[in-house]
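Read through the structure below, which is laid out as structure tokens, and then see the notes.
The values are calculated or read from the model by the stated rules, or taken from the named source; none is laboratory data. These numbers were taken from a predicted model, which means no experiment stands behind them. All Cβ positions, glycine included, derive from the backbone under ideal geometry; neighbour counts span all protein chains shown. Surface areas here come from the heavy atoms of the whole protein model, side chains and all, with no ligands, DNA or RNA. Shrake-Rupley method; radii C 1.70, N 1.55, O 1.52, S 1.80 Å.
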Amino acid sequence: MKKRGRGIAAAYYGTGYGNGFPDVSRARAEISKDGNIFIYIGATEVGQGAKTIFCQITAEILGVETQDIHFVCEDTSQTPDAGTAAASRQTYNSGNAVKKAAESLSQRLMEQAQNHLQLNSVHGLKLENHWVYLEDFPKKRVHFKELVKEDTLIVEETFTAQTVKMDEETGEGAPYWPYTFCCYGVEVEVDTETGEIHVIHGVCAQDVGKAINPELIEGQIEGGFAMGLGYGLMENIGLSKGEIKHNRFANYLIPTALDVPELEKIIVEDPSSTGPFGAKGIGEPVMIPAAPAILNAIYDAIGIRFYEIPVTPERVLVAIKDAQKEGKE
Amino acid sequence: MISISLTVNKQVYQVEVEEDLRLIDFIRDKLMLTGTKEGCGEGECGACTIIMDGKTVNSCLVMAFQAHGSRITTIEGVAKDGALHPIQQAFLDVGAVQCGFCTPGMVLSAKALLDENEVPNRHQIREGISGNLCRCTGYNKIVDAIELASSYIKEGQQDETSSSGRQ
């Protein structure tokens, strides 16, 4: 018989290295003599979209288009260290470093423009489309190229996240900054004859602080959900005496396109006071509520609580048999 | 050595290959078409998918000599005259690419599917790419992209007929 059930799960997640560990990102911004804008940062792009949002952040600050930014990352001979693409920290930590570098560059451009235009101060200057101009009197303007024709303008900035080590005795402290929140709901169908579980629908609500790039966020949510689904239902490394027995895709199963349901994504924006434009990291949080929501839905469907993952068909059948036995006794 | 002749991306090759050379190694190392990726090397992940005589195959499981006389399309042969194939365009427009390692295989599986069934439903699309594993995207946007590609292809055909009608 096929039985359906629904479940939800919520999670909160502290992003960054946390617990007092130094969490530092550095970024360098340059405008070369020919007016080209460069960002150098050691942050690694692994498909999550870091490159895209760093260009967006820079473009926003300097008043240019995203495609105007020459972005250099990963090459350690050219880029300042920005830590690992881990702990869901690149948007927040390196995003802040990029923002600081772009702001610093913007400030330098305005100072040069003040000299060039013989103004009393930098107040009221605006950057747009590679020009610096006085907002109240736009005729007072100078092109970026004019300001850098003598010397390349280079600035480097560092962002260090604020985290406090927890007290080992009391467990008190502020180990992470910031936290990210999410809640997923799923509907599953359990086949009581075969033990197979099919997740037929999922709704994912994710707090992101500020969505710098909603399309990329949706991609992260969908990928995280699929990983969480695999974690809850199929992925088992089969550790035996320190040896991984399931060391290939033939026996370590991950979800295919037929296993992952259509997902409804809800992006919740509540800007974080310390994030770049209020943004926070979501790389790992998006994975967390999937498995517990699925296990709750399984309980709703067949009345059995599982305390071990993955909930494979074999485990479901054994549990159903055990439950029937207990019922009879 | 065995001498074989085959067509890859509309180009005919007459070559001598080692008997134990896999088709993926022929494609990547001899033809230098490195868009075809090797993931697991045992036919589970689909990263090395190519189209051989109209059907998708895992090029890691085919020996080069078995491709004798066949017509092969790799990811490099999908774009036409420098313009992206509608499937490639749709992948970009939807944001269906994250790390990108599965993407060439996904695009070719999608092409083989759309060549046979111009307007697949979402379940048929999921079936069509079920031999291609993706760890990043959760597949949702890939399914969206293939659905969009299907509409691009239909629109393209309409444009062609309407423009030829005008002539």
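Regarding the stretch A:227-249, can at least one residue be identified that is within 14 Å of the chain's Cα centre (by Cα), small (Gly, Ala, Ser) and either surrounded by fewer than 24 Cβ atoms within 10 Å (Cβ to Cβ) or modelled with pLDDT of 95 or more (or both)? Reasoning before the result, please.
In the first step, residues of the stretch A:227-249 are kept if they are within 14 Å of the chain's Cα centre (by Cα); the result is none.
Checking the stretch A:227-249: not a single residue is within 14 Å of the chain's Cα centre (by Cα), small (Gly, Ala, Ser) and either surrounded by fewer than 24 Cβ atoms within 10 Å (Cβ to Cβ) or modelled with pLDDT of 95 or more (or both).
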| message | Among the residues that make up the stretch A:230-240, is at least one of them within 14 Å of chain B (Cβ to nearest Cβ), under 29 Å from A:Gly185 (Cβ atoms) and aromatic (Phe, Trp, Tyr)? | response | yes
| task | Would you check if A:Val286 is modelled with pLDDT of 95 or more, assigned by TED's automatic domain parsing to the domain that holds A:Leu253, buried (at least 18 other Cβ atoms within 10 Å of the Cβ) and farther than 16 Å from A:Ile197 by Cα? | result | yes
| field | Search result, residues across the stretch A:289-301 that are farther than 10 Å from A:Gly232 by Cβ and open to solvent by 30 Å² or more (accessible area, probe 1.4 Å) | value | A:Asn296, A:Tyr299, A:Asp300
| said: Anything in the stretch B:142-159 that is surrounded by fewer than 23 Cβ atoms within 10 Å (Cβ to Cβ) and within 13 Å of chain A (Cβ to nearest Cβ)? List them, or say none. | reply: B:Asp144, B:Glu147
| message | Need pairs with beta-carbon distance below 9 Å; first residue closer than 14 Å to A:Gly223 by Cα and more than 7 Å from chain B (Cβ to nearest Cβ) and within the stretch A:241-263, second surrounded by fewer than 20 Cβ atoms within 10 Å (Cβ to Cβ) and of a type in the set (Ser, Thr, Tyr); sequence gap 6+ or separate chains. | response | A:Asp259/B:Ser130
| request: Please work out if B:Gly131 is within 11 Å of chain A (Cβ to nearest Cβ), in a loop (DSSP other than H, G, I, E, B), touching a helix residue (DSSP H, G or I) at 6+ places or on another chain (Cβ under 6 Å) and closer than 21 Å to A:Leu229 by Cα. | output: no
| said: Just to check your reading of the model, which residue among A:Ile39, A:Ile53 is surrounded by 19 or more Cβ atoms within 10 Å (Cβ to Cβ), within 22 Å of the chain's Cα centre (by Cα) and over 30 Å from A:Gly202 (Cβ atoms)? | reply: A:Ile39
| message | Looking at B:Ala67, B:Ala83, B:Ala47 in this structure, which one is of a type in the set (Gly, Ala, Ser) and surrounded by fewer than 15 Cβ atoms within 10 Å (Cβ to Cβ)? | response | B:Ala83
| task | Please work out which residue is nearest to the chain's Cα centre (by Cα), limiting yourself to the stretch A:80-133 and to residues that are among the aromatic types (Phe, Trp, Tyr) and open to solvent by less than 40 Å² (accessible area, probe 1.4 Å). | result | A:Tyr92
| note | Only one of A:Thr160, A:Thr170 is in contact (Cβ under 8 Å) with a residue 60 or more places away in the chain and either over 23 Å from A:Leu62 (Cβ atoms) or surrounded by 15 or more Cβ atoms within 10 Å (Cβ to Cβ) (or both), namely A:Thr160
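Against the condition in the same structural domain as A:Glu103 (by TED's automatic domain parsing) and either open to solvent by less than 20 Å² (accessible area, probe 1.4 Å) or in a helix (DSSP H, G or I) (or both), how does A:Ala59 come out, does it pass?
Numbers: in the same structural domain as A:Glu103 (by TED's automatic domain parsing): yes; either open to solvent by less than 20 Å² (accessible area, probe 1.4 Å) or in a helix (DSSP H, G or I) (or both): yes.
So A:Ala59 fits the description; yes.
Listed here are the residues, each with its yes/no results for (1) in contact with a Gly (Cβ under 9 Å, 6 or more places away or on another chain); (2) of a type in the set (Gly, Ala, Ser).
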residue	(1), (2)
B:Val17	no, no
B:Gly46	yes, yes
B:Phe91	no, no
B:Pro104	yes, no
| message | Tell me yes or no: at least one residue of the stretch A:194-204 is at positive phi and under 30 Å from the mean Cα position of the chain (by Cα). | response | no
| said: Condition (residue is at the interface with chain B (Cβ under 10 Å from one of its Cβ atoms) and either out of contact with any strand residue (DSSP E or B) (no Cβ under 9 Å at 6 or more places or on another chain) or open to solvent by less than 10 Å² (accessible area, probe 1.4 Å) (or both)) applied to the stretch A:264-279: is it met by at least one residue? | reply: no
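Matching residues to (1) in a helix (DSSP H, G or I); (2) within 13 Å of chain B (Cβ to nearest Cβ); (3) within 28 Å of B:Glu44 (Cβ to Cβ):
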residue	(1), (2), (3)
A:Thr194	no, no, yes
A:Ile200	no, yes, yes
A:Glu218	yes, yes, yes
A:Gly223	yes, yes, yes
A:Pro292	yes, no, no
A:Tyr299	yes, no, no
| Restricted to the stretch A:158-178, and to residues that are touching a strand residue (DSSP E or B) at 6+ places or on another chain (Cβ under 6 Å) and modelled with pLDDT of 95 or more, which residue is farthest from A:Tyr92 (Cα to Cα)? | A:Thr158
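Counting only residues that are open to solvent by less than 70 Å² (accessible area, probe 1.4 Å) and outside any loop (DSSP other than H, G, I, E, B), which one in the stretch A:141-157 is farthest from A:Thr91 (Cα to Cα)?
In the first step, residues of the stretch A:141-157 are kept if they are open to solvent by less than 70 Å² (accessible area, probe 1.4 Å); the result is A:142-144, A:147-148, A:152-153, A:155, A:157.
Filter again for outside any loop (DSSP other than H, G, I, E, B), leaving A:142-144, A:147-148, A:153, A:155, A:157.
Values: A:Val142: 32, A:His143: 30, A:Phe144: 28, A:Leu147: 31, A:Val148: 30, A:Leu153: 25, A:Val155: 20, A:Glu157: 16 Å.
Going through the qualifying residues, I end up with A:Val142.
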